[in-house]
Amino acid sequence: MRASFHPDYRVDLGPAHPYPMGKYPLLCQMLLERGLLSAAQIMTPVEAPLEMLARVHEAAYLSDLEHGTLTSAAVRRLGMPWSARIWRRSRLACYGTYLGALAALEDGLAANLAGGTHHAFAGHGEGFCVLNDVAVAIRALQSDGRAHRFLVVDLDVHQGNGTATLFAGDPDVYTLSVHGANNYPAVKARSTLDVALPDGTGDEAYLAALGPALQTALDDCPADLVFYLAGVDVMAADRYGRFSLTRAGLAARERLVLQTVRSAGLAMVITLAGGYAATPHATADLHTEVFAAAAELAGDRPT
Ligand SMILES: [Zn+2]
């Protein structure tokens, strides 16, 4: 399976910052070491051009990001300090999701080893999300004429409020979000289909809710391409999530999503979204599950 990666996906935010930036190169390394990805399958993104971003994001916001003129309130809301490197990594990640989408349309399944920044809105970022990579990729594909209808399956424990808002009322983009009712954001946006689950939701209840929701979305949306936000902050030990999934439950989730979407004959691109385990290494390790499930589904390993 082809996957986008760039070393500059990681930006050093310092030891005090809660965002596990180290997970990106660690995940790439683990996938290579475990034979879940080969060097030849890595696609290297460029920075998404401004005109590509402008199909989703407001000009004033992009100008602030370009020139480092975000207000201190905007930076607080974003949750990470602005820097030229953050701006660059956000653009790389957007293009990485776009490349992943193109590869998925060709191969059936592909990934970006970043992305899923679903709290980014047209005119502001929040919750560590600067740019909405999935929205940028969707608008680029529509503009290219390569695909027209999309399903976004967002299983990060936090609701995809930015994505839901960006596509509200858009009949060509179906947004499904399965998230913690009491997790951030406090005020939820309206997705096409929202499934809000209580604190402490474990493997069985989670999978019992996910299966029918996924089937409903697939039945209701004849998508050309599915974007999967495979956030791993659903785990019991996650620092920001309120669910209680086990590792086996996470593996079962990844198998369920991949098998359901692929057996429906739809192409899918995987993005990482969130995860806040004890260390970036542990977070990256959790992200390998979706790639292991993909290899299992394919029935072979990359050559
Ligand atoms: Zn999250």
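Observations on the structure shown:
- Residue pairs whose Cβ atoms lie under 6 Å apart, separated by 6 or more positions or on different chains, with the first residue in segment 93-105 and farther than 9 Å from V269 by Cα and the second modelled with pLDDT of 95 or more and open to solvent by 10 Å² or more (accessible area, probe 1.4 Å), are Y95/V46; L99/M43.
- Count of residues meeting criterion [open to solvent by less than 10 Å² (accessible area, probe 1.4 Å) and more than 16 Å from the ligand (Cβ to nearest atom)] in segment 224-253: 3
- Hey, A164 without any contact (Cβ under 8 Å) to a residue 40 or more places away in the chain and either over 16 Å from the mean Cα position of the chain (by Cα) or farther than 20 Å from I270 by Cβ (or both) or not: no
- Just so you know, in segment 130-163 the residues that are within 13 Å of the ligand (Cβ to nearest atom), open to solvent by less than 10 Å² (accessible area, probe 1.4 Å) and outside any helix (DSSP H, G or I) include one that is farthest from N182 (Cα to Cα), and it is D154.
- The set of residues from segment 164-187 being within 15 Å of the ligand (Cβ to nearest atom), more than 25 Å from A252 (Cα to Cα) and either open to solvent by less than 30 Å² (accessible area, probe 1.4 Å) or part of a strand (DSSP E or B) (or both) comprises A164, P185.
- Members of segment 245-303 that are within 16 Å of the chain's Cα centre (by Cα) and free of Cβ contacts under 8 Å to residues at least 60 places away in the same chain: L250, E254, L286, E289
- Odd one out for T260 among (1) in a loop (DSSP other than H, G, I, E, B); (2) more than 15 Å from the ligand (Cβ to nearest atom); (3) among the polar types (S, T, N, Q): (1)
- Taken over segment 18-33, the criterion of being open to solvent by 40 Å² or more (accessible area, probe 1.4 Å) and either over 14 Å from P280 (Cα atoms) or part of a loop (DSSP other than H, G, I, E, B) (or both) is satisfied by P18, L32, E33.
- Identity of the residue in segment 188-202, under 21 Å from the mean Cα position of the chain (by Cα) and more than 16 Å from the ligand (Cβ to nearest atom), that ends up most open to solvent (accessible area, probe 1.4 Å): R190
- Only residues that are open to solvent by less than 10 Å² (accessible area, probe 1.4 Å), touching a strand residue (DSSP E or B) at 6+ places or on another chain (Cβ under 7 Å) and of a type outside the set (S, T, Y) were counted across segment 94-107, and they come to 5.
The values are calculated or read from the model by the stated rules, or taken from the named source; none is laboratory data. Just so we're clear, the structure is a prediction, and the values are computed from it rather than from any experiment. No Cβ is skipped: glycine too gets one built from the backbone with ideal geometry, and neighbour counts run over all protein chains shown. Ligands, DNA and RNA are excluded from the accessible area calculation, which covers all protein heavy atoms including side chains. Shrake-Rupley method; radii C 1.70, N 1.55, O 1.52, S 1.80 Å.
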